[in-house]
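Structure first, then comments.
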Amino acid sequence: MKKWAMAVVLAGTISLAACSSDTSDPITDAFKGQSAQQIFKGGEQSLAKKSYKDSIKHFEALAALYPFSDYQEQAQLDLIYAYYMDQDYESSQAAADRFIHLYPRSQHVDYAYYMKGLSDFSIDRGFGTKLVNLDLASRDLSSTKDAFNDFSQLIQLYPNSIYAPAARGRMVYLRNLLASHEVEVAAFYLKRKTYVAAINRANYVVQHYQEAPSVVPALGILAQSYYALGLTDQANQTMAILALNYPNSQVYKELRKAHPQTNNVSTSH
């Protein structure tokens, strides 16, 4: 009985294998019969010609047909770049993450971290969007937070990487963008008189993004919310911070006009 059952299992296995062999694979079919070197060189040539979709086909086929070839590590790096340049940012991010897990000790793993950050940074952005564009402040910035964390991880793990300076520069922009977003949300709550929520979001900016320009409007929202809730001491303390650090800001000047009693608030520690 056991022999009969085993025969049925084997027969099924053979049948499945036969079906599998008859099934065409669009990723590998065009490259069957080519060596790993031929496929890799073809991908490199396509990459040099900026034929990113074609290079992607080569590198994906190489991974499928020759997963343990000597060309695999470089091909995976090229695949990250090809996806990114083809504006397939999700695939580029996934490829970078895969490289980090497969080759954690590679001398090029810092590049993978950097490209992972760039990909996350670009997911919610148009390809031609300039760094100075802050229109994203009103959007969901979850991928922006991921990008900030990616760049931060790169700097922590590889502070001397050639990509570290660029990562730091992008982190400054991302920090300012995230702070701007938080202030916009805080202003939304303030306008609707949900003062506790406004205080929480503005206070988050003051605590976590101290070097961002959005700290000034965040302090302004804090002061307005405290005054609205009748928390005069907290409001005066916030005004003192503005007077000490940002006395010429428009935010502070407008608040002084609206609350002239703050003119006599001490700025001493």
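The values are calculated or read from the model by the stated rules, or taken from the named source; none is laboratory data. On a predicted model such as this, the values are computed, not experimentally measured, just so you know. Don't worry about glycine lacking a Cβ; one is built from the backbone with ideal geometry, like all the others, and counts go over all protein chains shown.
Per-structure values
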item	result
In the stretch 179-212, the residues that are among the aromatic types (F, W, Y) and surrounded by 18 or more Cβ atoms within 10 Å (Cβ to Cβ)	Y189, Y195, Y209
Check on F151, assigned by TED's automatic domain parsing to the domain that holds L222 and either surrounded by fewer than 15 Cβ atoms within 10 Å (Cβ to Cβ) or out of contact with any Cys (no Cβ under 8 Å at 6 or more places or on another chain) (or both)	no
Test: residue in the stretch 221-230 that is more than 20 Å from T194 (Cα to Cα) and within 34 Å of the chain's Cα centre (by Cα)	no
Candidates A198, A212, A240, filtered to the one that is over 30 Å from F121 (Cα atoms) and without any contact (Cβ under 8 Å) to a residue 60 or more places away in the chain	A240
From the options S152, S161, S106, residue that is modelled with pLDDT of 95 or more, among the small types (G, A, S), outside any helix (DSSP H, G or I) and over 18 Å from A75 (Cβ atoms)	S161
Residue match in the stretch 179-191 (condition: out of contact with any Phe, Trp or Tyr (no Cβ under 6 Å at 6 or more places or on another chain) and outside any helix (DSSP H, G or I))	no
The stretch 72-85 - residue that is crowded, with 20+ Cβ neighbours inside 10 Å and not aromatic (F, W, Y) and, of those, farthest from R175 (Cα to Cα)	A75
Some residue of the stretch 86-97 being surrounded by fewer than 15 Cβ atoms within 10 Å (Cβ to Cβ), assigned to a helix (DSSP H, G or I) and in contact with a helix residue (DSSP H, G or I) (Cβ under 7 Å, 6 or more places away or on another chain)	yes
Residue that is of a type in the set (S, T, N, Q), closer than 23 Å to S161 by Cβ and modelled with pLDDT of 95 or more, where the choices are S51, S46, S92, S55	S92
Cross-chain or 6+ apart pairs with Cβ under 6 Å, the stretch 152-174 first and touching a residue at least 40 places away in the same chain (Cβ under 8 Å), then in a loop (DSSP other than H, G, I, E, B)	Y173/L131
Hey, F31 more than 22 Å from the chain's Cα centre (by Cα), surrounded by 15 or more Cβ atoms within 10 Å (Cβ to Cβ) and either charged (D, E, K, R) or modelled with pLDDT of 95 or more (or both) or not	no
Condition check for H259: at pLDDT below 95 and under 36 Å from the mean Cα position of the chain (by Cα)	no
